[in-house]
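**Q** I'd like to ask you about the structure that follows.
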Amino acid sequence: MDLLKNEILPLVEQAAESMGLDAGLIARVLQPARELDQGDLSLPCFPFAKTLGMAPAAIAEQLAASIPAHPSLESINAVNGYLNFRASPAWLAQQLLEGRHRSTSNTRREVLIEHTSANPNGPFHVGRARNAILGDTLVRLHRLWGDTVTAEYYVDDMGKQVAVLAWALENMTTEEVETLLADREAANPQWSNKADHQRVRWYQAAQLRRKDDPSAEDIEKAIGTLVHASEHGDEAVLRSFENAYQPVLDGMLETLGRLGIHFDRFTKESLFVINGDVAKLMEELGGLEINGVAENGAQYLDLGQRGLKGKTEFFYRRGDGSSLYATRDIAYHRWKWTQCNELINVLGEDHKLQAQQVGLTLEELGERRPEVMFYSFIKLPEGKMSTRRGNVVFMDDLLEEAQAHAIEVLKERRPDLDNASMKTIAEAVGTSAVRFNIISVSPEKGFTFRWEDALSFEAGSAPFIMYSHTRACSIQSKVEALVGKEFLSDAVAAPASDAMPEGLIQLLRTLAVHDDRLEKVVREHRPNLFAEYMLHLATAYNSFYRDCYIIEDGEVNPFYYAVSELARATLRAGMEGLGVVSLTTM
RNA sequence: GGGCGUGUAGCACAGCUGGAUAAUGCACCGGCCUCCUAAGCCGGAGAUCGCGGGUUCGAAUCCUGCCACGCCCGCCA
């Protein structure tokens with residue numbers, strides 16, 4: 001709780017100094033209390049025992065005795081070698097109502113976040129969507145923190161995958177495709193107007209032919225020619241690629257849009273081939289002292305000399321002189337650095353090695369390496385997700401299912417609603433629950449997708465937070481109806497601490513800690529910790545709601561109402577930060 | 001074989017820059033709707049923190065060995 005820490009740090013330092021301790025140590029040791037019922041801040045005195053030759057408990061007690069009373073402090077307690085500080089709820093309330101809990105540390109930056117960047121060859125399944133959901137949440141949380149953010153999608157518009165798609169659309173009929181895929185699950189007719197679901201079948205059929213077709217060799221040659229042309233910037237070929245993938249990409253973006261995920265910019269991989277950046281880059285890399293040349297003229301960097309373990313040769317140029325994916329990625333990164341002063345990539349764990357290679361190479365070129373948020377893959381209870389084996393959950397189907405489930409719940413809970421508003425609420429509840437389910441797990445942890453969890457609307461889910469928020473909204477509209485919008489225009493005074501119910505105090509403490517948490521989350525790229533905070537905040541609001549009647553006997557309690565409004569605003573902003581839809585009624 | 005990551009109640013998950021009784025949700029047991037939305041609230045039970053060793057006043061947290069799982073180790077993307 002920085003709010004309190006800033007206030008009392010000088011007092012504690014002074015007391016420490018008077019005992020002969022290094023005051024500089026205090027700021028580091030004084031920390032948020034682990035045991036919340038013990039206080040808000042805690043100073044473990046064990047580290048001082050040796051230098052002072054005293055028992056930790058005695059140090060804590062002596063410190064406690066020498067720290068003067070302060071308006072921000074409710075109490076100071078020495079317990080078991082810990083010195084615990086509890087903020088005065090009345091003081092906290094005053095700080096919060098005056099808006100003094102907002103962090104003033106000046107760390108706002110211009111950030112470019114690249115995420116998703118999935119190959120445009122088929123619909124999102126929940127596995128691929130983990131990137132998009134985590135990435136978009138990172139974008140939103142940085143914005144909530146005050147950073148200026150560009151959300152960017154790097155479009156793989158060249159290379160083999162797109163070439164296969166383009167070739168298939170050019171050379172195969174619908175009948176052919178469906179015959180080849182006869183033993184697979186048919187495309188869901190619900191998505192017959194979405195090109196990502198349609199065209200992926202051409203892609204899949206082509207993949208089959210590349211393996212088993214009698215003319216597989218010719219096909220491979222044809223695709224190889226396309227790939228080669230695209231890598232040399234052949235405009236006609238790149239245009240045909242774009243015609244093939246753009247509708248697919250549009251379909252994918254439609255799905256993401258439903259989850260509240262949007263991009264500020266799309267950058268095509270081919271750009272850096274066409275504008276010559278890649279050629280220039282390869283020339284520059286060739287001049288580095290760690291450059292190596294293979295027998296056929298291919299070139300690599302020996303990154304072992306820069307500390308890379310395992311496979312140390314990093315190839316950036318083929319024998320035929322063309323570039324590789326990673327080479328283009330480096331060119332892309334150099335360009336990205338001209339667009340921002342902070343760079344974050346969201347990548348699957350399968351990209352760890354390449355990210356190392358790109359990072360080390362950038363450093364070799366005198367650039368900074370980007371920050372990376374890695375995430376593990378999502379699997380199903382039945383095992384790895386695989387489109388080929390039909391073991392896959394498409395995002396579009398999941399979102400439909402989530403909405404349908406929400407409608408069922410609503411029919412029971414809110415039979416008064418008309419169909420339209422029911423659908424609006426159900427869509428918000430469904431998409432928010434799906435997002436939150438994924439956000440609330442540490443990115444680097446493996447994730448097993450379960451329908452039961454994704455469709456849970458109880459405590460620990462997005463709807464739980466949404467519900468607390470609607471309670472606050474409901475109170476707001478009732479108060480406004482009762483006493484008008486100008487009710488809070490005058491400063492509201494907080495009552496004495498001992499007149500505050502427990503639920504209120506919990507809420508004040510949770511609100512006070514908001515910016516501490518957000519800063520940590522943004523700095524360390526850990527959206528799940530903010531999801532956890534929002535659950536705490538919603539829980540705290542619920543306790544407050546239980547303990548404090550804002551409207552009683554037709555009278556509005558102005559202080560309670562001010563706190564409720566602050567919580568409402570914080571909930572709403574935080575939900576925005578997670579991409580959870582903030583409804584006013586549900 | 002090498003590199004990186006993960007392992008915490010029946011299930012899921014937080015805590016990991018060392019500090020107090022390991023947090024939360026689901027499931028389980030009990031209580032609360034003549035009162036601002038019960039998608040809620042209150043209480044209960046449930047944990048050899050993968051296993052062994054080490055460092056420390058103190059280890060889920062740091063070091064080390066082992067085990068299990070995931071990802072990677074293409075002149076693919």
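The values are calculated or read from the model by the stated rules, or taken from the named source; none is laboratory data. This structure is a prediction, so every number in the text was calculated from the model and none was measured. So basically every Cβ, Gly included, is an ideal-geometry build from the backbone, and we count neighbours across all protein chains shown. Only protein heavy atoms, including side chains, enter the accessible area calculation; ligands, DNA and RNA are left aside. Shrake-Rupley method; radii C 1.70, N 1.55, O 1.52, S 1.80 Å.
**Q** Taking A:Leu324 as meeting all but one of (1) near RNA strand B (Cβ under 10 Å from one of its atoms); (2) hydrophobic (A, V, I, L, M, F, W, C); (3) touching a Gly at 6+ places or on another chain (Cβ under 9 Å); (4) open to solvent by 30 Å² or more (accessible area, probe 1.4 Å), write down the number of the exception.
**A** It is condition (3) that A:Leu324 fails.
**Q** Just name the residue that is most open to solvent (accessible area, probe 1.4 Å) out of those in segment A:550-578 that are more than 11 Å from RNA strand B (Cβ to nearest atom) and over 19 Å from A:Ala93 (Cβ atoms).
**A** So, considering only residues that are more than 11 Å from RNA strand B (Cβ to nearest atom) and over 19 Å from A:Ala93 (Cβ atoms), the one most open to solvent (accessible area, probe 1.4 Å) is A:Arg572.
**Q** Next question. Please tell me if A:Gly297 is open to solvent by less than 60 Å² (accessible area, probe 1.4 Å), over 30 Å from A:Arg143 (Cβ atoms) and within 8 Å of RNA strand B (Cβ to nearest atom).
**A** Considered against the rule, which asks whether it is open to solvent by less than 60 Å² (accessible area, probe 1.4 Å), over 30 Å from A:Arg143 (Cβ atoms) and within 8 Å of RNA strand B (Cβ to nearest atom), A:Gly297 comes out as yes.
**Q** Which residues, taken from segment A:501-549, are hydroxyl-bearing (Ser, Thr, Tyr) and surrounded by 17 or more Cβ atoms within 10 Å (Cβ to Cβ)?
**A** A:Thr510, A:Tyr533, A:Thr539, A:Tyr541, A:Ser543, A:Tyr545, listed by residue number.
**Q** Now for a separate question. So how many residues does segment A:453-491 have that are open to solvent by 30 Å² or more (accessible area, probe 1.4 Å) and of a type outside the set (Gly, Ala, Ser)?
**A** 16
**Q** Hey, could you check segment A:355-382 for residues that are open to solvent by 40 Å² or more (accessible area, probe 1.4 Å) and within 16 Å of A:Phe314 (Cβ to Cβ) and say which is nearest to RNA strand B (Cβ to nearest atom)?
**A** Looking at the filtered set, the residue picked out is A:Gln356.
**Q** If you take the residues in segment A:26-37 that are surrounded by 15 or more Cβ atoms within 10 Å (Cβ to Cβ) and farther than 21 Å from A:Ile505 by Cβ, which one is nearest to RNA strand B (Cβ to nearest atom)?
**A** It comes out as A:Val29.
**Q** Shifting gears a bit: Starting from segment A:366-388, take each residue that is without any contact (Cβ under 8 Å) to a residue 40 or more places away in the chain and list its partners that are open to solvent by less than 70 Å² (accessible area, probe 1.4 Å) and within 11 Å of RNA strand B (Cβ to nearest atom), counting only C-beta distances under 6 angstrom and pairs at least six apart or across chains.
**A** Between residues of segment A:366-388 that are without any contact (Cβ under 8 Å) to a residue 40 or more places away in the chain and residues that are open to solvent by less than 70 Å² (accessible area, probe 1.4 Å) and within 11 Å of RNA strand B (Cβ to nearest atom), the close pairs are A:Val372/A:Leu347; A:Val372/A:Ala355.
**Q** Could you say whether any residue in segment A:3-25 is under 30 Å from A:Tyr533 (Cβ atoms) and not in a helix (DSSP H, G or I)?
**A** no
Residue-wise test of (1) modelled with pLDDT of 95 or more; (2) in contact with a Pro (Cβ under 8 Å, 6 or more places away or on another chain).
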{"residue": "A:Met385", "(1), (2)": "no, no"}
{"residue": "A:Arg388", "(1), (2)": "no, no"}
{"residue": "A:Asn391", "(1), (2)": "no, no"}
{"residue": "A:Lys411", "(1), (2)": "no, no"}
{"residue": "A:Arg414", "(1), (2)": "no, no"}
{"residue": "A:Val429", "(1), (2)": "yes, yes"}
{"residue": "A:Val434", "(1), (2)": "yes, no"}
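**Q** Turning to a different aspect of this structure: In segment A:274-289, what count of residues is obtained for those that are in contact (Cβ under 8 Å) with a residue 60 or more places away in the chain and open to solvent by 30 Å² or more (accessible area, probe 1.4 Å)?
**A** Looking only at that region, the number is 2.
**Q** Ok, one more. Any idea which residue in segment A:540-556 is farthest from A:Thr470 (Cα to Cα), counting only those that are part of a helix (DSSP H, G or I) and without any contact (Cβ under 8 Å) to a residue 60 or more places away in the chain?
**A** A:Asp547
**Q** Of the conditions (1) part of a strand (DSSP E or B); (2) closer than 25 Å to A:Cys340 by Cβ, A:Gly135 fails just one. Which one is it?
**A** (1)
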